[in-house]
Amino acid sequence: MNVALLYLLLLKATSTSFSGLTSPVLRHDLVERHRVLTDRQLNAAVAAGRTAPGPNGLYVVSVGYFVAGVPGACAGCLAAMTPAFAIIVLLRYLGRRAERPAVRSAIQSVTLAAAGLVINATIPLARDAITGPLPIAIGVASFLFLAFTRYATVWVIVGAALAGLAGGFAGLIQP
Amino acid sequence: MVSLSLRRLSLIYLRVSSLTFGGGDPTMAALQSELVTRHGWLSREKYGLVYGLARITPGTNILAFCAGTAWELKGWPGAILAVLGATVPAAAAVVLLTVGYEAFKQNARAMAAIAGTLAAAVGMMTVSAWQLVRPDLRRERILRALVLVAGSVLLSYVFRMSPIWILGMAALAGFFWRAPVPE
């Protein structure tokens, strides 16, 4: 498949998906219509996207790689990035109105609702990740570290990875 | 406060995105910790605004979030570098995983290290929620804060309502129910 066409199809998929969900448009275009991807490859792409660090939405990079190798992966990367810049149009529009009391109050309310959504996103992650005393200790330690110190977050992540590795050797953590 | 250069800003996005597992939410929590809490470059209100708008932007929320927060701090060059920093190394990891996914899944050491970072992500996200709510935990504002946070949890967890609708309803509620100004 032509890489430019692949980019446009992947862009169509990323532009029509919200909240990082797998796009049904992508399956329709690449699996059913053009037949350049199998369901098995799509599942493997989603799994790779979820296992790698960073955004889950980067499964389109894996899809691109399956369809057209490294140039396809680059097309997928570009298709994932392109819609992100639409937020700047929204910010420019709202930014000019942000000092109005009603808009300010609405933004404060959105911030509080965002906290609720973060709590909601934490629950399934905690169910998967907190599987014994060591993960509990890592979770609590990272909370305390970030809440009460000014160390960079990266140290918390590196420390947690090392603790997980040590726990793996000692049989204290389930991979 | 440490001054913010384009290089420093892009390195933060690159580092956080390359090392945070578990998808967009832990990455946003880690960026909140860096940009809002640790360095104070972005106000809590701006963070909330970008978070809300990232949810309604098509595509991958976290990339819109990176573009929005970096645009607030350093304009278009910041937005472009932040999105590149958050995407390119992670995309390279996705390609490597695509090539060797089965072998990687069998590597107990790598999976144990990832399990450790996922446990840390739970702590990071709890801190993130706490830091968003904490300034509103004052006597004159606490009722409004509790109603909005609990309502958001209830609608998303129990009723499985889309985040876009929840944030829209919160904005509408905030439009009419304003926080009391302290005397």
### Task
Test each condition in (1) open to solvent by 40 Å² or more (accessible area, probe 1.4 Å); (2) more than 7 Å from every other protein chain (Cβ to nearest Cβ) for B:Arg38 and report the one that comes out false.
(2)
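Across segment A:84-106, what is the number of residues that are in a helix (DSSP H, G or I) and either more than 22 Å from B:Phe176 (Cα to Cα) or in contact with a Leu (Cβ under 8 Å, 6 or more places away or on another chain) (or both)?
Residues meeting the conditions: 12.
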### Query
Among the residues of segment A:162-169, is any aliphatic (A, V, I, L, M), surrounded by fewer than 24 Cβ atoms within 10 Å (Cβ to Cβ), within 25 Å of B:Arg144 (Cβ to Cβ) and at the interface with chain B (Cβ under 7 Å from one of its Cβ atoms)?
no
#### Entry: Residue list for segment B:63-82, restricted to those being within 8 Å of chain A (Cβ to nearest Cβ) and in contact (Cβ under 8 Å) with a residue 40 or more places away in the chain
B:Phe65, B:Cys66
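Quick grid of which residues meet (1) among the small types (Gly, Ala, Ser); (2) outside the structural domain of B:Met161 (by TED's automatic domain parsing); (3) open to solvent by 10 Å² or more (accessible area, probe 1.4 Å):
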| site | (1), (2), (3) |
| --- | --- |
| B:Ser17 | yes, yes, no |
| B:Met28 | no, yes, no |
| B:Thr57 | no, yes, no |
| B:Asn61 | no, yes, yes |
| B:Val88 | no, yes, yes |
| B:Thr98 | no, yes, yes |
| B:Phe104 | no, yes, yes |
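Out of everything in segment B:135-144 that is part of a helix (DSSP H, G or I) and out of contact with any Lys or Arg (no Cβ under 9 Å at 6 or more places or on another chain), what residue ends up being most open to solvent (accessible area, probe 1.4 Å)? Show your work before the answer.
Quick first cut of segment B:135-144, residues part of a helix (DSSP H, G or I) only: B:135-136, B:142-144.
Subsequent filtering for residues that are out of contact with any Lys or Arg (no Cβ under 9 Å at 6 or more places or on another chain) retains B:142-143.
Values: B:Ile142: 66, B:Leu143: 116 Å².
Restricting to residues being part of a helix (DSSP H, G or I) and out of contact with any Lys or Arg (no Cβ under 9 Å at 6 or more places or on another chain), the top hit is B:Leu143.
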### Message
Restricting to segment B:145-167, and then to whatever is touching a residue at least 12 places away in the same chain (Cβ under 8 Å) and closer than 19 Å to B:Asn61 by Cα, can you tell me which residue is most open to solvent (accessible area, probe 1.4 Å)?
### Response
B:Ile164
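The values are calculated or read from the model by the stated rules, or taken from the named source; none is laboratory data. Remember, it's a predicted structure, so these values are computed and weren't measured experimentally. Cβ coordinates were reconstructed from backbone atoms using ideal geometry, including for glycine residues, and neighbour counts include every protein chain displayed. Heads up: the accessible areas ignore ligands, DNA and RNA and are worked out on the full protein's heavy atoms, side chains in. Shrake-Rupley method; radii C 1.70, N 1.55, O 1.52, S 1.80 Å.
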